[in-house]
Amino acid sequence: MDWILSLSTTIAIFIAAIFILVTIHELGHFLAAKFFKMRVDKFSIGFPPNIFGFKKGDTEYVIGATPLGGYVSIAGMIDETMDDEFMENEPKEDEFRSKPVWQRMIVITAGVIFNAILAVIIYAGIAFSYGEDVIPIEAVGGIYVSEESVAHEVGFRTGDRIIGVNGERVEYFNEIFNPAAITGRDLSFMVVRDGEVQNIFTPPNFLDRIGQDGFLNQSNALPSMISLVLEDSPADQAG
């Protein structure tokens, strides 16, 4: 029975996600059309058969039983129905085809724009809720450097304590790998080795080598610390 509950939950989440994405997407088309005073005949979330609907003004608002899409029917626009009978008549002032090209372009792209805005809001909300994991630079006693790594070839050694990048000290270990910092023209790192501050300058092809062989990251920070051991696990049995 657990797998049935799990499958049902997954399907419900999927349908809810599609419903939200479609609603925001179609809302973009709808609001843009309304802003430019285009007549919207129907605003539908989901496809027929319809399970709920009402009409307000010139627009019919509908929720369909098939939650896998939606559509906004704008007067004077050839949409998925391929209905072009209106083309035989003269364009009306509130029709899509009578508006300037730039307005029509905005209406067509508004759905994608609204989805992009939704993505920004979601990720901003996640970042605001959970924050960002950072490691104070003082908390990193040193780094581990494998002799076969690019870091060792450049000049890093096990025990080096990185304190800055491109001649500037940093507050958090994460800032060392900031894309804006490591893509600088003359990339260098400030390290403390044997009590002295040294600068390690990277070669021109350094960034290309990173993609092949990897580089330093937070897992290289020394010393590693164990915060929790599960009872009866191999680690617990090993002490």
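A quick yes/no check of all residues on (1) among the hydroxyl-bearing types (Ser, Thr, Tyr); (2) part of a helix (DSSP H, G or I); (3) closer than 26 Å to residue 118 by Cα:
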site: 3; (1), (2), (3): no, yes, no
site: 7; (1), (2), (3): no, yes, no
site: 10; (1), (2), (3): yes, yes, yes
site: 29; (1), (2), (3): no, yes, yes
site: 41; (1), (2), (3): no, no, yes
site: 45; (1), (2), (3): no, no, yes
site: 49; (1), (2), (3): no, no, no
site: 53; (1), (2), (3): no, no, yes
site: 60; (1), (2), (3): no, no, yes
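Out of the residues in the range 17-37 that are over 16 Å from residue 122 (Cα atoms) and out of contact with any strand residue (DSSP E or B) (no Cβ under 6 Å at 6 or more places or on another chain), state the one that is surrounded by the fewest Cβ atoms within 10 Å (Cβ to Cβ).
So the residue we want is 37.
Residue by residue through the range 1-54, note down the ones that are free of Cβ contacts under 8 Å to residues at least 60 places away in the same chain and touching a Lys or Arg at 6+ places or on another chain (Cβ under 7 Å).
The answer is 40, and nothing else.
Consider residue 164 carefully, then state whether it is assigned to a strand (DSSP E or B) and at pLDDT 85 or above.
yes
Yes or no, residue by residue, for (1) assigned to a loop (DSSP other than H, G, I, E, B); (2) among the hydrophobic types (A, V, I, L, M, F, W, C); (3) modelled with pLDDT under 90; (4) in contact with a strand residue (DSSP E or B) (Cβ under 9 Å, 6 or more places away or on another chain):
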site: 15; (1), (2), (3), (4): no, yes, yes, yes
site: 82; (1), (2), (3), (4): yes, yes, yes, no
site: 92; (1), (2), (3), (4): yes, no, yes, no
site: 116; (1), (2), (3), (4): no, yes, no, no
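Among the residues of the range 196-239, what is the count of those that are farther than 24 Å from residue 153 by Cβ and at pLDDT 70 or above?
14
I'd like to know if the range 6-16 contains one or more residues that are closer than 23 Å to residue 110 by Cα and in the same structural domain as residue 119 (by TED's automatic domain parsing).
Yes; the residues of the range 6-16 include at least one that is closer than 23 Å to residue 110 by Cα and in the same structural domain as residue 119 (by TED's automatic domain parsing).
Show the residue pairs meeting these rules: Cβ distance below 6 Å; 6+ apart or different chains; first residue within the range 148-162 and in the same structural domain as residue 200 (by TED's automatic domain parsing) and within 16 Å of residue 197 (Cα to Cα); second residue of a type in the set (Lys, Arg) and outside any loop (DSSP other than H, G, I, E, B).
From the range 148-162, the pairs are 160/193.
The values are calculated or read from the model by the stated rules, or taken from the named source; none is laboratory data. What you see is a predicted model, and the numbers here were worked out from it, not measured in a lab. Positions of Cβ are backbone-derived with ideal geometry, glycine not excepted, and every protein chain shown enters the neighbour counts.
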